[in-house]
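Written below as structure tokens is the structure these notes are about.
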Amino acid sequence: MSQQSVIDELGRLGMSGYEAKAYVALVAAGTPLNGYEVAKRSGVPRSTVYETLGKLVGRGAAYEVHTGDASVGYLSLPPASLLERMRREFDASMDALGTELPRLAVPPQVRIVHNLTDRDGLLARAEDVVGAARNDLFLSGWPAELAPLKAAARRAENEGVDVSVVSFGEDAEPVGATTVHRFSSPDVALENLGCRLMVVAADREQAVIGGVVGDDAWGVFTDDPAVVLVAVEYVRHDIAMHLIAEKLAPEDFETFWANDPAIQRLRADHGIPAALLKLGGRSEAAAPARRRRR
């Protein structure tokens, strides 16, 4: 990590740009520096360097030392000590917000549905939903999309959340109660759907539904109860079907799944789900499906 990257990360943790630059200069010096030396080494303007150093002293990230000629120098708090202090302060703030912020919330007057237009945004919003779970969590997707959510899902599970997962592909490190989708292979499911469909729902209150094709992705986040209910039931139904199938002879189920006309009809709309996601559910996207059913 470069020095500028360290400065940027300190900024994310609450230091101003000047404070971060001055602190890094003190750390790199390893010996007391006066204001002029800090300004020269850090790039902090001389006109503001003593104000900046005063702020570092005030937050406990640096302290003053008096040298033999009665001048004042500055030493950094050791990095390990600073990080531990920041961690304690962050945890204390999170605990306080966890108690007080929900008390300010009022029942939503408007339900949210907003579009997600790329893979990073889709996964970040899905991780938000996973992290918000307090009672139950439902996930369905391919291992490539489930993997970035596992750390948050394991934390939720460790905190008592009931985690249910459907994975379209083998998972060497499953989380929660994981069901590997066996009705169709991942390749066949991908052909049917036209995308790697991902569903994440927490506490029957919010959900992310999206599709991934290569590096492209589309989807929505919503707290609309009707949509969230459908997302939850989609995952629950998939799990229930697998539980039922496990009670049947494998060859009987395979014959039924591959040859039953009603099942074939339901699986005939290859690629339409992905088209609907990509085009935002516009009516023209559904036209091929209607024509195919005639």
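Each value in this text was obtained by applying a stated rule to the coordinates, not by laboratory testing. From a predicted model like this one, the values you see are computed outputs, not experimental measurements. When we count neighbours, we look across all protein chains shown, and the Cβ atoms used for this are built from the backbone with ideal geometry, even at glycine.
Taking K and R as +1 and D and E as -1, what net charge do the other residues with C-beta under 14 Å from the C-beta of R88 add up to?
Computed value for this residue: -1.
Please list, ordered by chain and number, the residues whose modelled amide H lies under 5 Å from the amide H of V166; skip anything fewer than 5 residues away on the same chain.
L139, S140, G141, T179
With each run of n ≥ 4 DSSP H residues scored as -39500 (n - 2.57), what mean residue ellipticity at 222 nm is computed for the chain after dividing by its residue count and rounding to the nearest 500 deg cm²/dmol?
It comes out at -16500 deg cm²/dmol, rounded to the nearest 500.
Straight-line reach from K40: which aspartates and glutamates fall under 17 Å, measuring Cα to Cα and dropping same-chain residues less than 8 apart?
Qualifying aspartates and glutamates at Cα under 17 Å: E19, E51.
When V24, V106 are ordered from fewest to most other Cβ atoms inside 10 Å of their Cβ, what list results?
Lowest count first: V106, V24.
For the chain, set up a GNM with springs between Cα atoms under 10 Å and report which of I209, I112, I263 has the largest fluctuation.
Highest fluctuation of the listed residues: I263.
Taking the chain as a Gaussian network, Cα atoms linked when under 10 Å apart, which of D223, D162, D69 shows the biggest mean-square fluctuation?
Fluctuation is largest for D69.
Among (1) 20.0, 69; (2) 27.1, 94; (3) 18.7, 60, find the value of Rg and Dmax of the Cα atoms in Å that was calculated from the structure presented, and write down its label.
It is the one labelled (2).
Which order, highest average first, do 247-254, 29-36 follow once you tally other Cβ atoms within 10 Å for each residue and take the mean per peptide?
For the peptides 247-254, 29-36, the packing ranking is 29-36, 247-254.
For the range 93-116 and the range 145-159, what is the separation of their Cα centres, given in Å?
21
Could you derive backbone 3J(HN,Hα) for the range 142-153 from the dihedral phi with the Karplus parameters 6.51, -1.76 and 1.60 (θ = phi - 60°), listing whole Hz in sequence and x where the residue is Gly or Pro?
Going residue by residue, I get 8, x, 4, 8, 6, 4, x, 9, 5, 4, 5, 5 Hz, with x marking Gly and Pro.
Local charge sum around L97 (other residues, Cβ-Cβ under 12 Å, Lys/Arg +1, Asp/Glu -1)?
-2
Would you mind working out the magnitude of the charge dipole of the chain relative to its Cα centre, with +1 at each Lys and Arg C-beta and -1 at each Asp and Glu C-beta, to the nearest 20 Debye?
For the chain, the charge dipole is close to 840 debye.
Considering only T52, T222, T179, give the residue with the highest GNM mean-square fluctuation for the chain, with springs between Cα atoms whenever their separation is below 10 Å.
T52
How many angstrom lie between the Cα centre of the range 164-188 and the Cα centre of the range 1-64?
50
May I ask for the equivalent-ellipsoid semi-axes of the range 3-80, computed as the square root of five times each C-alpha gyration tensor eigenvalue and listed largest first in whole Å? Provide the component values of the computation, followed by the final result.
Working: eigenvalues 74, 32, 25 Å².
Ellipsoid half-lengths, sorted descending, are 19, 13, 11 Å.
Counting pairwise Cα distances across the range 82-213, what percent come out greater than 17 angstrom?
Result for the distance tail: 64 percent.
Run down the aspartates and glutamates and flag those whose C-alpha is under 18 Å from the C-alpha of K150, throwing out any fewer than 8 positions away in its chain.
Candidates past the 8-residue exclusion: D120, E127, D128, D136, E159, D162, E170, D171, E173, D203.
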